[in-house]
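To keep things clear, I will list the structure first and then write my remarks on it.
Any read-out appearing in this document is the output of simple, stated calculations on the displayed coordinates, not a laboratory observation. What you see is a predicted model, and the numbers here were worked out from it, not measured in a lab.
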Amino acid sequence: MGSWGPGIFDNDAARDHLFEVTRELAEQINHALADAVSLKLAGKGTDAELAETFESVLPNIEIMCVLHESLGGGFLPEPESAAEWQSQFEQLDSGGSADRREVVRSTFERLCRLAQQCWEE
């Protein structure tokens with residue numbers, strides 16, 4: 001394998017690094033959602049505390065999507081996992097304006113679409 005072109009991501013090591021960086025973002029999402037679910041189930045946490053627990057979820061999803069779209073690679077979760085993230089997030093993210101809910105919905109739809117395309121290939 002090795003190197004197959006002059007671009008920054010045209011070699012195995014760089015592609016592996018991109019995968020690891022995006023995989024770590026996904027792990028952070030898994031941990032944040034799990035922590036928020038645990039807080040909610042235990043009745044330990046205000047809405048503000050829950051929101052703080054998973055405040056990195058949407059930014060991490062956006063970063064994963066941008067990297068995947070612009071660099072043509074990296075880790076994306078299986079479509080079922082992306083849908084589960086959305087379900088958990090929407091259950092935990094109570095309130096918010098209609099505009100906020102639209103941003104959440106469109107962010108997860110983008111991730112789900114990219115994940116579906118990625119895992120079909």
Folded to 0 to 90 degrees: helix 12-42 orientation relative to the chain principal axis, Cα: 10
For segment 108-121, 3J(HN,Hα) per residue [Karplus equation, 6.51 cos²θ - 1.76 cosθ + 1.60, θ = phi - 60°, Hz, x = Gly/Pro]: 5, 4, 4, 4, 4, 5, 5, 5, 4, 4, 5, 7, 7, 6
Segment 12-120: mean projected area of Cα convex hull, nm²: 6.8
